[in-house]
Structure formats: C-alpha cells, structure tokens
C-alpha cells in the first residue's frame, strides 16, 4: 500500500486556527461514505459558524455546508419522522426543491410530501422540544441512506436543527474545486476528527 506523509503548517483564517497541508496524508485506513449530492468530503465537528466560514474561505473549497440528521421527530402529528439540514449549496443537496424557497431561521421549514402546502403552520416535536414554524417549500425525499422511504421528513436551517436539540453543525459537507485535492484538504484537520470521503472519489486518491 502506498503510504504518503503530510507536512503540516498552521494558519489563522477568519479568527480560527486551521492546519494547511503541503503534501498528502497517509492513505491507509481511509473512510468512504455515501455523501449527499456532489460533496467530496464530510468532516466531523461540531463546528461553530466562524469555523464553517473559515473552511469556506479556503482557496480549494467551492462550498461547505452543515450536515445533520435527527430521528424520532414528530412532524405535524406523524411520529417517527426525520429532520435533516436543508443544504444551501444546490450541488450538494440530496433533495430537489419542488416548490417555494429554502428555509431561513428556526421558524421555517421544507416538508416532503404528505399533503403539506406552502404557508402551512406545522409543529415539530422531539424529546420535549417543540418547533412551530411555517412551511416555506416542498422538497423531494432526500436521496441518502440515512432517510427511509416512508417516514415524514422536515428539512430545516441550522438554527431549526439546534432548536430541536441537535448540535447545529455536527458535520460539515465540503465540495472542492478539484476532487483530486481531497487528501490535501483532509490533512487540514487535527488527528482524531473523522473525515469521510465520497465513494466516487476513490479513483482520485
């Protein structure tokens, strides 16, 4: 197995300390996953808003979005639903916006089917938390393994996920300008943070 080492230096970007890689990390033990849309990499957090902004500011990054799924969510009285972060970057979305617009803030959401209409007021409940919001759009069912084929699904902005008791930004999905740079990008993070590469970039590593 070809094992390549990394030379790491530290840079400060947008007030957040990051590591910049000048070569490639070890190739052994890589983690691959079914990532949403055209995302190349998913990095374990949690991340603050400033840290996400710092990732987006990297010259090799085309887009970076928070990623989270919450289970056991009651959606408009239907139990065992799922809440998913509504990804802003169109190329990394696992769903299609069929009607309306994307949610902004904790009190707006997209719903998947179920007879919902834009403008409806809906309550989401999870572990004693309640988010009452307005349906601002209708989406197709997210095409990721984390979401089943039948349960109700709500797609929320990061603030809405946090209001339901989520971490807000436990992972970041990243789309690079060039997928061949995935190992160099991964080397930017301290050891111990799980980095998953999209299945389709295997040949680029």
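Here, each number is a calculation from the coordinates, and none is a lab measurement. Quantities reported herein were computed from a predicted structural model and do not represent experimental measurements. Here the Cβ positions follow ideal geometry from the backbone for every residue, glycine too, while neighbour counts run over all protein chains shown.
For region 69-163, give me the percentage of DSSP beta bridges that are antiparallel, rounded to the nearest 5 percent. That works out to approximately 70 percent antiparallel. Dividing the convex hull volume of the alpha carbon atoms of region 161-205 by its residue count gives 101 Å³ per residue. Scoring 171-180, 126-135 by mean Cβ neighbours within 10 Å over their residues and listing the highest first yields 171-180, 126-135. Over every Cα atom in region 108-182, the radius of gyration and the widest Cα-Cα span, Dmax, amount to 14.6, 45 Å. Whole-percent P(r), region 69-163, all Cα pairs, 5 Å bins from 0: 3, 15, 30, 29, 18, 4, 0.
From Cα pairs below 8 angstrom and at least 6 apart in sequence, can you work out the relative contact order of region 100-177, rounded to a whole percent? Could the numbers behind the result be given before it?
Values: 130 pairs, mean separation 28.7, N = 78.
Answer for region 100-177 is 37 percent.
The alpha carbon centroids of region 135-169 and region 185-205 are separated by 25 Å.
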